[in-house]
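One structure is given below, encoded as structure tokens.
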Amino acid sequence: MDFKTQIKNDKLPRHLAIIMDGNGRWAKQQGLLRVVGHESGTKSVREVVEACAEIGIKHLTLYAFSTENWKRPKLEVQTLMKLLVKSLKKEIATLQDNNIKLAAIGNLQDLPKKAHTELLEVIEKTKSNGQMTLTLALSYGSREEIVSVVKQLTDKVKNNIISVESIDESIINKHLYTQNLPDVDLLIRTSGEHRISNFLLWQIAYAELYFTNILWPDFTKNDLYEALINYQNRERRFGKTSEQIS
Ligand code: FPP
């Protein structure tokens, strides 16, 4: 079934976040090495980025590498970093053609030098693009991000830059890595796992969660459209009653 025609343009999530899970299992199912799964996963990244830009989603954030992923076997970590560099080099033209701005959140200084430099270069080259922001979460951990906000704010209080009383949700938002992004409206996780895995804990407070059994390398544009239609058929109440919303 073709889901694209059923998407309502006026009810798109402003910010879509995706936990791209299942590359390893996909590879194992086919008797291949885990790294081949990651390589195949990059094709789904391309499909989803293209589809989001086409239909008019303004902010897409992809969980590409968590702070915990550094504990994986060295070969796998090296392959993921190489794939990142390769994809950045390969896709810069696509980003420019589709007017997509690249951004990144996480402990970027922990990335290998080559990956870090390439990333900053593509971010710089695409900084004026306005159709969509594609944010890659790299060496990202939400608790670590929140700890860093607490440190920044306590430091500002200590130096009399802000008062304790002035601390509110908006100040916290302004100190998160995601300071330039709206709250997440829809969070998709592939591969049948029903977990958040330390991803955007603050930012998903009112997000709709969508879980699918499809493994990330098998996730297509049409699967994304299906998730969007599911989202559009939900009633978002933000703590209010159904009657108040309608
Ligand atoms: C989770 O699958 C996926 C990752 C840890 C990495 C995601 C990376 C890519 C899709 C490719 C590179 C990305 C970019 C942006 C170029 P898993 O390995 O945990 O799968 P498993 O749970 O089946 O083992």
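Observations, loosely collected:
- Amide H to amide H, with H built 1.01 Å from N, Thr61 comes under 5 Å of Leu16, Ala17, Ile18, Thr135, counting only residues 5 or more places away or on other chains.
- Pairwise alpha-carbon distances in the chain exceed 27 Å for 38% of all pairs.
- Amide proton proximity set for Ser66, modelled H, under 5 Å, gap of 5+: Ser139, Tyr140
- Here is the list for region 151-246: chymotrypsin sites (Phe, Trp or Tyr not before Pro) lying in DSSP coil, each with at most 11 other C-beta atoms within 10 angstrom of its C-beta, are Phe238.
- Of Asn230, Leu215, Ser246, farthest towards positive along the dipole that unit charges on Lys, Arg, Asp, Glu beta carbons give region 207-246: Ser246
- Listed values for region 207-216 are Karplus-derived 3J(HN,Hα) couplings in whole Hz (6.51 cos²θ - 1.76 cosθ + 1.60, θ = phi - 60°), namely 6, 7, 9, 10, 10, 10, 6, 4, 7, 3, and x replaces Gly and Pro.
- Accessible surface, the chain, averaged per residue in Å² (probe 1.4 Å): 53
- Residue by residue, region 59-67 carries 3J(HN,Hα) couplings of 9, 10, 10, 10, 7, 8, 7, 8, 4 Hz when phi is fed to the Karplus relation 6.51 cos²θ - 1.76 cosθ + 1.60 (θ = phi - 60°); x denotes Gly or Pro.
- Couplings 3J(HN,Hα) for region 196-201, derived from phi with the Karplus relation 6.51 cos²θ - 1.76 cosθ + 1.60 (θ = phi - 60°), are 9, 6, 6, 10, 6, 4 Hz, where x marks Gly and Pro.
- Sites matching trypsin sites (Lys or Arg not before Pro) across region 166-199 that sit in DSSP coil, with at most 12 neighbouring C-beta atoms within 10 Å: Arg195
- Per residue, the average separation of C-alpha pairs within less than 8 Å and at least 6 apart gives the chain a relative contact order of 29 percent.
- Across Lys82/Lys151; Lys28/Lys89; Lys125/Lys156; Lys28/Lys221; Lys58/Lys82; Lys11/Lys43, pairs whose alpha-carbon gap is larger than 31 Å: Lys82/Lys151; Lys125/Lys156
- Solvent-accessible area assigned to carbon and sulfur over the chain amounts to 52 percent, based on a 1.4 Å probe.
- CD proxy at 222 nm, helix term only [per DSSP H run n ≥ 4: -39500 (n - 2.57); per residue of the chain; nearest 500]: -13500 deg cm²/dmol
- Using a Gaussian network model of the chain in which every pair of alpha carbons under 10 angstrom is joined by a spring, one finds that among Asp21, Asp218, Asp97 the greatest mean-square fluctuation is at Asp97.
- Of Leu62, Leu80, Leu134, the one that fluctuates the most in a GNM where the chain has Cα springs shorter than 10 Å: Leu80
The values are calculated or read from the model by the stated rules, or taken from the named source; none is laboratory data. Fair warning: this is a prediction, and the values are worked out from it, not measured in the lab. Note that we place each Cβ from the backbone using ideal geometry, even for glycine, and neighbour counts take in every protein chain shown. Protein only, heavy atoms only, side chains kept; ligands, DNA and RNA dropped before computing areas. Shrake-Rupley method; radii C 1.70, N 1.55, O 1.52, S 1.80 Å.
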